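Since the structure comes first, as structure tokens, the remarks are kept for the end.
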Amino acid sequence: MMREKSTGPSKGYWLTVWRRFRQHRVAYAGLFFFVALLFLVTLGPYIVPYQLDQVSLGERMDGPSLRHWFGTDELGRDTWVRILHGGRVSLTVGLIVGISTVLIGGLVGVVAGYVGGLLDNILMRIVDIIYTIPRIVLLLVLSKVAGPGLVNIMIILVALEWTNAARLARGAVLSYREQEFVLAAQCLGASRWRIMLRHLLPNSLAPLIVAATLDAGAAIRAETTLSFLGLGIQPPTPSWGNLLTNASTNIFIAPLQVFLPGMFIFFALMSFNLLGDALRDAMDPRLTNERR
């Protein structure tokens, strides 16, 4: 009996994607900023000789010095250390939400596109309903109901952001489900789940990978907004959003405390957007159509 053969993207396709990605100038900028941020937030706190909540009341609101490179806050805590720890929280939210939305949305989109019929209509109407409600309103209401906290914020963001990946996966599956490799798998007796997970989902990875980078940036932006408004990550746990809230009251006394978190947020969002643009160009099927 003939064995069913996997028909995901070929090695030649991924090599072509990698080659085009390396030739993309924007990709290097996005990758540089992303790796630099990861390095700083991961190893930076261990280099600076201060603890996260180390209070020094005699050094409150000090400016940059050899002891504190970027000054101290209203309790004498080192600004640089708190920004790096806040970056851990914000980047963790972005990466986990970006990956989770693609996994959930991709699976929903594949199921909706392949099964079709009533199930497709129900799932896509849910997507449409979430899209029609202003995102900031949903964020504010759900965060108020669920309460602040890292886990709650990530759950809320995943619940709102998976719809984009679902639409992309469904569109890809609709273009593949009548092709020969799917029909051959059906003739060989493959189950629906096997066809969806082994054949259709791998062929839908290109738009989903791009969606993951964009959703990660959107999650960081949403988390910092909620934390700035007092509905996200709560002190004493630092995040870039609540660091901006604390620093905004002292903007004229210590403007660096506002500038630094804002600069890190800018570079984080820029790195994810640049990576998303570069990946989208590298995976464009009109330019890299080397699928089996």
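Applying the set (1) among the polar types (S, T, N, Q); (2) without any contact (Cβ under 8 Å) to a residue 40 or more places away in the chain; (3) closer than 21 Å to Gly109 by Cα; (4) surrounded by 15 or more Cβ atoms within 10 Å (Cβ to Cβ) to Ser191 leaves exactly one unmet item: (4).
Here's a check for you: in region 154-175, which residue that is buried (at least 20 other Cβ atoms within 10 Å of the Cβ) and over 19 Å from the mean Cα position of the chain (by Cα) is modelled with the highest pLDDT? Among residues in region 154-175 that are buried (at least 20 other Cβ atoms within 10 Å of the Cβ) and over 19 Å from the mean Cα position of the chain (by Cα), the one modelled with the highest pLDDT is Arg170. Inclusion of Gly94 among residues that are surrounded by 14 or more Cβ atoms within 10 Å (Cβ to Cβ), among the small types (Gly, Ala, Ser), more than 24 Å from Leu174 (Cα to Cα) and modelled with pLDDT of 90 or more is warranted. The single condition from (1) closer than 25 Å to Leu38 by Cα; (2) crowded, with 17+ Cβ neighbours inside 10 Å; (3) without any contact (Cβ under 8 Å) to a residue 40 or more places away in the chain that Trp240 fails is (3). Of Tyr13, Tyr28, all but one fail to be aromatic (Phe, Trp, Tyr), at pLDDT 80 or above and closer than 30 Å to Ala172 by Cα; the exception is Tyr28. Restricting Val151, Val141, Val137 to residues that are modelled with pLDDT under 90, of a type in the set (A, V, I, L, M, F, W, C) and more than 21 Å from the chain's Cα centre (by Cα) narrows the list to Val141.
The values are calculated or read from the model by the stated rules, or taken from the named source; none is laboratory data. All figures in this text were calculated on a predicted structure; none of them were measured in a lab. We place every Cβ from the backbone using ideal geometry, glycine too, and count neighbours over all the protein chains shown.
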